[in-house]
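Enquirer: Before I ask anything, let me first share the structure, which is written out below as structure tokens.
The values are calculated or read from the model by the stated rules, or taken from the named source; none is laboratory data. None of the values given here were measured: they were computed from a predicted structure. Glycine also receives a Cβ, built like all others from the backbone with ideal geometry; neighbour counts cover every protein chain displayed. The area values use the complete protein model at the heavy-atom level, side chains included, leaving out ligands, DNA and RNA. Shrake-Rupley method; radii C 1.70, N 1.55, O 1.52, S 1.80 Å.
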Amino acid sequence: MPPTPSGTPHDVYARLEHLLRGLSEWEQERDRRALLRDMLGGHPVWDYLQFDDSVAVSANTVIGICRDKAPGSLSILLSGLRARFGTDPTRREEIDFLSSQLDSGPRPRAVWHDVPYLGLTYFDRQHAPIFFGRESELNQLVQTLNKEQGRRFAVVLGPSGSGKSSLVRAGLWAALEKGELAQMPGSRHWLISAMTPTDSDDDATAALRDSTRQALQTHESFRGRCDWRQELRRLKDAPISSLAEAVLDGAPPEAHWLLILDQMEELFSQPDDSRAAFLEGLIQATQPPSRFRVVATLRADFYHHCARQPALLSVLNGDGGAFHLGLPDRRSLERMVSGPLTEVELIGDQPGSAPWFLDPGLPPAIASDAERHPGGLALMAFALRELYESCRHTRRLDLATYNSTQFGRLPGAIGRRADRTLQSLGTDGPAVLKRVFSRLVRVTPDDAPSRRRERLSAWAEDEGARTAIHKFQEARLLVSDRVDAGDPVIEVAHEALLREWPTLARWIETEKEELQLAERVRNEARAWMRGNWRETRSRPFAPEYVDSIRQRLQSANLLDGLLEDPVVSRLLTPELEWILEELQFPDTNNLRRWQIGMRLAELGDPRPGVGQKNGIPGILWREISGGTVEIEKHGSFEVRPFRLAAFPVTASQFRAFVQDPDGYSSNRWWRGLHRQEPDPGWARILSNHPVTDVCWYDATAFCRWLHSKLAKDVRLPDEQEWQWAAQSQAGYPYPWGEDWEDGHANTYESGIHHTTAVGIFPTGDSLQGVSDLAGNVWEWCRNRHDDPSGT
């Protein structure tokens, strides 16, 4: 038997339309008129069908006139259909069913208290009274879900703008909630929850649990059974199958849990392992005899991603696993135009006003335009809302306004409204456009641009962007239908905006590579976050690549927004900052330290005390307090407080002396010293490495020169001073302590076998913060090692 109707008139009339369109005579206008004359000739209603020849006689129009002007004519129409389908038992059964429904008397019209056209916003379950034109598809979807195989996990596949979300929410969900589907008895007791994969910042599993909690706390059959917040917290790490068992335990036998996984394509922007685990968990939870079901919606252009998910591909290849939703035909489009005005009791828009008038020529005109245009359904929805607002003062939704120059029919309606909104922002508009939509658009190499959500607080410090968001919301191009912890969530009303607004489409194309890079950064950050990301020293991007990423994103005005996420900020830590942090970890191996030192030299080592400024060495001084030091075979020596350079003199600092016209070549620093020609090798040493092949005379002349430059007493340390500093003033055998430690100094044991940048073994520093007192290079003192008492 045909399914029991939903109880709303349009279900019955839609099926009658389908029968009419099944007649071969309905293909041609002239045959259509002749057919109606045969079936209705002699009935008064025929007089109402004498349209001007320029007006198409649609099935919707004929049924509407029969219903409103002469209800008895519908019985005559059904009798004529019965005669023409006499040999088709299935159609005769359908006709008998429709006759029984129409003979049961008039049904009350649904009441609607708001604007009957939603624009780009999808239809949710509360919009069911004004949801028209998808009755046949809903019936087919119900049949798909009722099959014995594949019915527990079904994916509604369709192109962008085909109305997938609306069909599942305003069609299926609303009908199940009201218990109107005979094939699914007891659906009033079902728990129905809806989610998108990015409803939670964590992952899809967290979004599932959040949506489940909300549904449990609002459904009268479930909310009082236990403290669901506490129960879900207990099941936080349990598999989805265990969650389903807990939810349905104690529920009536006819109760099921239906999860609507809307916009499933968003899953494919998440890390591979978490996505696969989530999908496998869902599919496992739907296995018989489970009463857990899933209906997902997926953009057809993302279908290729399913091939990489074996468990999901198995479901889609099964009987009933995939439901293909095409674009609505012209009949359905006309019904979407007329239904909300002709079959709904509109209350509340202007109390006491006259009923709205719908020009009979408007539905065919709009439907014709929409049918010929890619993404026509979304364009039509937007145009209808704009047209409705334009006609409020006359309460006439007419063809003349639609055809007017000011309105401009369907093509370009979204772009015109968006451009006007952008122009209202003044000269700052283009810059603001980037700051707003860079957070609301997702671009990947393999897929068409899609929308993403962002909290309004992301623009907390950007007053211009917040103003723009407000204006685009007023224009119904951006929406905020969700609040996350008190923070409104902003998103593009429909992906049609990304295609149909030329200004935005051009920007997306121009910045395509950078937008793709931003999306990759977000995805890598999500995957990285699951590890110990705050302390980890490995990340998906090589350090030397990070700076180029930052530069590209900065040039596209994308970096600042990304860096507000602490995980992304850590992921994009600049290379210099990253490798300097790496030096501080005790377990960074010796070879890596040597590499970091060379990389710092390439980048320009920023550490204080390593380089020079304005031709003068920037020495970092460490305070060494006085004391007594014991030197083997030479006895004790009193050491007065002094200051010692934190690092050996670097090649950069010594080159300042060589290159200064009043430096190495000046005789005044060499009194009593032997000067030779500068060593050519000094120019080849990396700037942050200690200068080598320097004799005692060179070192002494350098100190005299630096004394003049700094106006401070600068000299080589005495042997006892150096040893006192190397013992950390505590008598240690090593600068760092009592015991030898590998990885604390560049010695033979390090395996490096040549000098490294100064200070790259910070764990080997003395207690006073002096580096390289052990290893790396030999260091000159003012007096002799074997005669520390001398000068």
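Enquirer: Considering region 170-195 alone, what residues qualify as being closer than 23 Å to HIS494 by Cβ, open to solvent by 10 Å² or more (accessible area, probe 1.4 Å) and either at pLDDT below 90 or under 23 Å from the mean Cα position of the chain (by Cα) (or both)?
Expert: Answer for region 170-195, where residues must be closer than 23 Å to HIS494 by Cβ, open to solvent by 10 Å² or more (accessible area, probe 1.4 Å) and either at pLDDT below 90 or under 23 Å from the mean Cα position of the chain (by Cα) (or both): just ALA194.
Enquirer: Also, I was wondering about something else. Quick check on region 705-714. Is at least one of its residues touching a helix residue (DSSP H, G or I) at 6+ places or on another chain (Cβ under 7 Å), among the β-branched types (Val, Ile, Thr) and surrounded by fewer than 20 Cβ atoms within 10 Å (Cβ to Cβ)? Before you say what the answer is, go through the steps one by one.
Expert: Step one: list which residues in region 705-714 are touching a helix residue (DSSP H, G or I) at 6+ places or on another chain (Cβ under 7 Å), which gives 705, 713-714.
This time we only want the ones that are among the β-branched types (Val, Ile, Thr), so: 714.
Restricting the remaining residues to those that are surrounded by fewer than 20 Cβ atoms within 10 Å (Cβ to Cβ) gives 714.
Checked region 705-714: at least one residue is touching a helix residue (DSSP H, G or I) at 6+ places or on another chain (Cβ under 7 Å), among the β-branched types (Val, Ile, Thr) and surrounded by fewer than 20 Cβ atoms within 10 Å (Cβ to Cβ).
Enquirer: GLN723: in contact (Cβ under 8 Å) with a residue 40 or more places away in the chain, open to solvent by 20 Å² or more (accessible area, probe 1.4 Å) and in a helix (DSSP H, G or I), yes or no?
Expert: In short, yes.
Enquirer: Select from region 780-791 the residues that are out of contact with any Phe, Trp or Tyr (no Cβ under 7 Å at 6 or more places or on another chain) and assigned to a loop (DSSP other than H, G, I, E, B) and write down the one among them that is most open to solvent (accessible area, probe 1.4 Å).
Expert: THR791
Enquirer: Now for a separate question. Here are some conditions: (1) buried (at least 19 other Cβ atoms within 10 Å of the Cβ); (2) modelled with pLDDT of 90 or more. LEU410 meets all but one. Which one does it not meet?
Expert: Failing condition for LEU410: (2).
Enquirer: I need the helices (runs of 4 or more DSSP H) fully contained in region 560-607, keeping only those with at least 2 residues that are within 16 Å of THR763 (Cα to Cα) and at pLDDT 95 or above.
Expert: By residue number, 590-603.
Enquirer: Report every pair of residues separated by at least 6 positions or lying on different chains whose Cβ atoms are under 9 Å apart, first residue within region 425-436 and free of Cβ contacts under 8 Å to residues at least 24 places away in the same chain, second surrounded by 13 or more Cβ atoms within 10 Å (Cβ to Cβ).
Expert: PRO430/LEU422; PRO430/THR503; PRO430/TRP507
Enquirer: I need every pair where a residue in region 597-615 that is β-branched (Val, Ile, Thr) has its Cβ under 6 Å from the Cβ of a residue that is surrounded by 15 or more Cβ atoms within 10 Å (Cβ to Cβ), sequence separation at least 6 or different chains.
Expert: VAL610/THR650; VAL610/ASN688
Enquirer: Name the residues in region 511-550 that are among the β-branched types (Val, Ile, Thr) and either under 17 Å from the mean Cα position of the chain (by Cα) or more than 22 Å from SER269 (Cβ to Cβ) (or both), would you?
Expert: VAL521, THR536
Enquirer: Every residue in region 484-515 that is more than 24 Å from LEU120 (Cα to Cα) and open to solvent by 40 Å² or more (accessible area, probe 1.4 Å), please.
Expert: Once the filter is applied, which keeps residues that are more than 24 Å from LEU120 (Cα to Cα) and open to solvent by 40 Å² or more (accessible area, probe 1.4 Å), region 484-515 yields ALA485, GLY486, THR510, LYS512, GLU513.
Enquirer: Name the residue that is least open to solvent (accessible area, probe 1.4 Å), counting only residues in region 79-94 that are under 55 Å from the mean Cα position of the chain (by Cα) and over 13 Å from LEU23 (Cβ atoms).
Expert: Top of the filtered list is GLU94.
Enquirer: For ALA367, only one of the following conditions fails: (1) touching a residue at least 40 places away in the same chain (Cβ under 8 Å); (2) open to solvent by less than 20 Å² (accessible area, probe 1.4 Å); (3) assigned to a helix (DSSP H, G or I). What is its number?
Expert: Among (1) touching a residue at least 40 places away in the same chain (Cβ under 8 Å); (2) open to solvent by less than 20 Å² (accessible area, probe 1.4 Å); (3) assigned to a helix (DSSP H, G or I), ALA367 violates only (1).
Enquirer: Tell me which residues, restricted to region 120-133, are among the charged types (D, E, K, R) and either outside any loop (DSSP other than H, G, I, E, B) or at pLDDT below 90 (or both).
Expert: Across region 120-133, the qualifying residue is only ARG125.
Enquirer: Out of the residues in region 199-244 that are under 27 Å from ASP565 (Cα atoms) and among the β-branched types (Val, Ile, Thr), state the one that is surrounded by the most Cβ atoms within 10 Å (Cβ to Cβ).
Expert: Only one residue tops the list, namely THR212.
Enquirer: Suppose we filter ASP698, ASP679, ASP765 for residues that are modelled with pLDDT of 95 or more, of a type outside the set (Val, Ile, Thr) and closer than 19 Å to ALA656 by Cα; which single one remains?
Expert: ASP698
Enquirer: Then there is this: Checking GLU638 against (1) touching a Gly at 6+ places or on another chain (Cβ under 9 Å); (2) under 25 Å from ASP787 (Cα atoms); (3) assigned to a loop (DSSP other than H, G, I, E, B): exactly one of these is not met. Which one?
Expert: Only one criterion is unmet by GLU638, namely (3).
Enquirer: Based on this model, can you work out whether VAL479 counts as open to solvent by less than 10 Å² (accessible area, probe 1.4 Å) and either among the polar types (S, T, N, Q) or within 30 Å of GLU266 (Cβ to Cβ) (or both)?
Expert: no
Enquirer: Turning to a different aspect of this structure: Only one of (1) modelled with pLDDT under 90; (2) of a type outside the set (Phe, Trp, Tyr); (3) out of contact with any Asp or Glu (no Cβ under 8 Å at 6 or more places or on another chain); (4) farther than 25 Å from PHE131 by Cα is not met by HIS304, so which one is it?
Expert: (3)
Enquirer: Return the residues of region 623-635 that are in a strand (DSSP E or B) and among the charged types (D, E, K, R); say none if nothing qualifies. I'd like the intermediate steps shown before the answer.
Expert: Step one: list which residues in region 623-635 are in a strand (DSSP E or B), which gives 623-624, 627-631, 635.
Of everything in region 623-635, those that are in a strand (DSSP E or B) and among the charged types (D, E, K, R) turn out to be GLU623, GLU630.
Enquirer: Restricting to region 729-755, name every residue that is open to solvent by less than 50 Å² (accessible area, probe 1.4 Å) and closer than 24 Å to ALA699 by Cα.
Expert: Within region 729-755, PRO735, ALA745, ASN746, THR747, THR755 meet the criteria.
Enquirer: Mind checking whether some residue in region 242-255 is in contact (Cβ under 8 Å) with a residue 40 or more places away in the chain and under 25 Å from the mean Cα position of the chain (by Cα)?
Expert: no
Enquirer: Just to verify a result, which residue in region 669-697, among those that are assigned to a helix (DSSP H, G or I) and without any contact (Cβ under 8 Å) to a residue 24 or more places away in the chain, is farthest from the chain's Cα centre (by Cα)?
Expert: PRO680
Enquirer: In addition: When you scan region 245-258, do you find a residue that is within 30 Å of PRO129 (Cβ to Cβ), open to solvent by 60 Å² or more (accessible area, probe 1.4 Å), not in a helix (DSSP H, G or I) and not basic (Lys, Arg), even just one?
Expert: yes
Enquirer: Determine if region 426-443 includes at least one residue that is of a type in the set (Val, Ile, Thr), assigned to a helix (DSSP H, G or I), open to solvent by less than 30 Å² (accessible area, probe 1.4 Å) and farther than 30 Å from LEU563 by Cα.
Expert: The answer is no, given that none of the residues of region 426-443 is of a type in the set (Val, Ile, Thr), assigned to a helix (DSSP H, G or I), open to solvent by less than 30 Å² (accessible area, probe 1.4 Å) and farther than 30 Å from LEU563 by Cα.
Enquirer: Let me ask something additional. Quick one: is PRO566 within 30 Å of the chain's Cα centre (by Cα), without any contact (Cβ under 8 Å) to a residue 60 or more places away in the chain and open to solvent by 50 Å² or more (accessible area, probe 1.4 Å)? Outline the logic, then answer.
Expert: Values: within 30 Å of the chain's Cα centre (by Cα): yes; without any contact (Cβ under 8 Å) to a residue 60 or more places away in the chain: yes; open to solvent by 50 Å² or more (accessible area, probe 1.4 Å): yes.
Spelling it out, PRO566 is indeed within 30 Å of the chain's Cα centre (by Cα), without any contact (Cβ under 8 Å) to a residue 60 or more places away in the chain and open to solvent by 50 Å² or more (accessible area, probe 1.4 Å).
Enquirer: Out of the residues in region 89-107 meeting the condition of being part of a loop (DSSP other than H, G, I, E, B) and touching a helix residue (DSSP H, G or I) at 6+ places or on another chain (Cβ under 9 Å), tell me which one is modelled with the highest pLDDT.
Expert: Per the criteria, the residue is ASP103.
Enquirer: Something else about it: Out of all the residues in region 454-467, is one or more small (Gly, Ala, Ser), crowded, with 16+ Cβ neighbours inside 10 Å, touching a helix residue (DSSP H, G or I) at 6+ places or on another chain (Cβ under 8 Å) and at pLDDT 90 or above?
Expert: yes
Enquirer: Moving on to the next point. Just give me the residues in region 323-349 being more than 22 Å from HIS18 (Cβ to Cβ) and surrounded by fewer than 20 Cβ atoms within 10 Å (Cβ to Cβ), in sequence order.
Expert: Those that are more than 22 Å from HIS18 (Cβ to Cβ) and surrounded by fewer than 20 Cβ atoms within 10 Å (Cβ to Cβ): GLU345, ILE347, GLY348, ASP349.
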